[in-house]
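What follows is a short report on a single structure.
The values are calculated or read from the model by the stated rules, or taken from the named source; none is laboratory data. Computed from a predicted model, the values in this text were never measured in an experiment. All Cβ positions, glycine included, derive from the backbone under ideal geometry; neighbour counts span all protein chains shown.
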């Protein structure tokens with residue numbers, strides 16, 4: 001049995017980012033990989049009607065559940081409020097605050113009324129499994145990225161992470177080339193290094209030169225990581241947005257080669273690959 005539709009008014013999701021609070025729309029402006037965003041929804045529940053229609057006697061056996069799912073990173077964040085607390089007049093605000101660096105690409109937000117008690121199977125169809133959903137809101141989808149291609153980048157203090165004081169480092173953690181690129185590849189810029197401010201600047205000859213160096217270095221590291229890892233190079237399993245598809249596209253655009261050929265070159269003649277990368281990405285071509 002489920003809860004009557006008019007027993008719950010879900011309301012809308014809100015987001016707070018950089019001190020700005022607004023209704024969730026289709027795209028979140030001003031977001032980047034180091035952002036800390038707060039998402040909230042405040043459903044209104046007619047407790048008596050909800051319990052009666054679900055055939056449940058005790059409000060402590062039901063809870064409001066808020067979910068944030070990010071397919072790109074494989075993360076799920078949940079918050080729960082007991083319906084008995086709502087019945088007592090306590091706040092019914094569901095707040096989800098994912099940590100910085102845990103989201104990418106897009107997220108899905110949803111709210112639910114779930115059974116949290118312990119029961120036995122019954123012939124009248126009443127919920128008895130823990131976490132059974134009694135009612136659900138529609139799913140709100142929010143895109144975090146722009147339409148253009150963006151490399152997932154985050155500025156962090158390397159001393160806090162216990163890293164050597166380099167200008168940048170690459171996190172490359174896929175188990176399979178079919179894994180999400182945005183969920184398993186991240187460029188960390190050391191905010192304690194003078195290069196970080198220049199790399200985050202919009203233009204200028206020094207910034208242009210640094211971006212040129214960075215592009216070649218990061219591309220080399222990604223191709224080398226694949227070459228020296230145990231990855232299947234079968235493109236049939238790579239969907240759009242996967243590590244394999246992204247690197248194969250990068251190889252074809254910059255080097256006019258497929259990923260398998262680049263991996264072979266990285267293994268047999270890494271110095272040749274280095275020259276190819278410099279040519280393919282117009283290395284330092286704009287420096288005068």
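One residue is enough: does the stretch 27-38 have a residue meeting the conditions closer than 25 Å to residue 83 by Cβ and not in a loop (DSSP other than H, G, I, E, B)?
Pass one, the stretch 27-38, residues closer than 25 Å to residue 83 by Cβ: 38.
Now drop any that are not not in a loop (DSSP other than H, G, I, E, B), which leaves 38.
Within the stretch 27-38, one or more residues are closer than 25 Å to residue 83 by Cβ and not in a loop (DSSP other than H, G, I, E, B).
For residues that are surrounded by fewer than 21 Cβ atoms within 10 Å (Cβ to Cβ) and free of Cβ contacts under 8 Å to residues at least 40 places away in the same chain, scanning just the stretch 39-74, find the one that is farthest from residue 22 (Cα to Cα).
Only one residue tops the list, namely 57.
Would you say residue 113 is in contact with a strand residue (DSSP E or B) (Cβ under 7 Å, 6 or more places away or on another chain), closer than 16 Å to residue 28 by Cβ and either in a strand (DSSP E or B) or modelled with pLDDT of 85 or more (or both)?
So residue 113 fails the test.
Can you list residue pairs whose Cβ atoms sit under 9 Å apart, with the first residue in the stretch 1-23 being at positive phi and the second being assigned to a strand (DSSP E or B) and exposed (fewer than 12 other Cβ atoms within 10 Å of the Cβ)? Count only pairs 6 or more apart in sequence or on different chains.
These pairs meet every condition: 11/44.
Please state which one of 237, 183 is out of contact with any strand residue (DSSP E or B) (no Cβ under 6 Å at 6 or more places or on another chain) and surrounded by fewer than 15 Cβ atoms within 10 Å (Cβ to Cβ).
Result: 237 is the single residue among 237, 183 that is out of contact with any strand residue (DSSP E or B) (no Cβ under 6 Å at 6 or more places or on another chain) and surrounded by fewer than 15 Cβ atoms within 10 Å (Cβ to Cβ).
Within the stretch 168-177, track down each residue that is outside any strand (DSSP E or B) and buried (at least 18 other Cβ atoms within 10 Å of the Cβ).
174, 177
Just a yes or no: is a residue in the stretch 241-253 outside any helix (DSSP H, G or I) and under 22 Å from the mean Cα position of the chain (by Cα)?
yes
Which of the residues belonging to the stretch 75-92 are closer than 30 Å to residue 177 by Cβ and either crowded, with 16+ Cβ neighbours inside 10 Å or modelled with pLDDT under 85 (or both)?
Listed by number, the residues that qualify are 75, 77.
So which of 104, 63 is in contact with a helix residue (DSSP H, G or I) (Cβ under 7 Å, 6 or more places away or on another chain) and assigned to a loop (DSSP other than H, G, I, E, B)? Talk me through it step by step, then tell me what you get.
Details: 63 fails: assigned to a loop (DSSP other than H, G, I, E, B).
Within the list 104, 63, the selection yields 104.
Please verify whether the stretch 187-205 includes one or more residues that are buried (at least 17 other Cβ atoms within 10 Å of the Cβ), at pLDDT below 85 and not in a helix (DSSP H, G or I).
Within the stretch 187-205, none of the residues are buried (at least 17 other Cβ atoms within 10 Å of the Cβ), at pLDDT below 85 and not in a helix (DSSP H, G or I).
Name, by its number, the condition in (1) closer than 30 Å to residue 173 by Cα; (2) buried (at least 18 other Cβ atoms within 10 Å of the Cβ) that does not hold for residue 95.
Only one criterion in (1) closer than 30 Å to residue 173 by Cα; (2) buried (at least 18 other Cβ atoms within 10 Å of the Cβ) is unmet by residue 95, namely (2).
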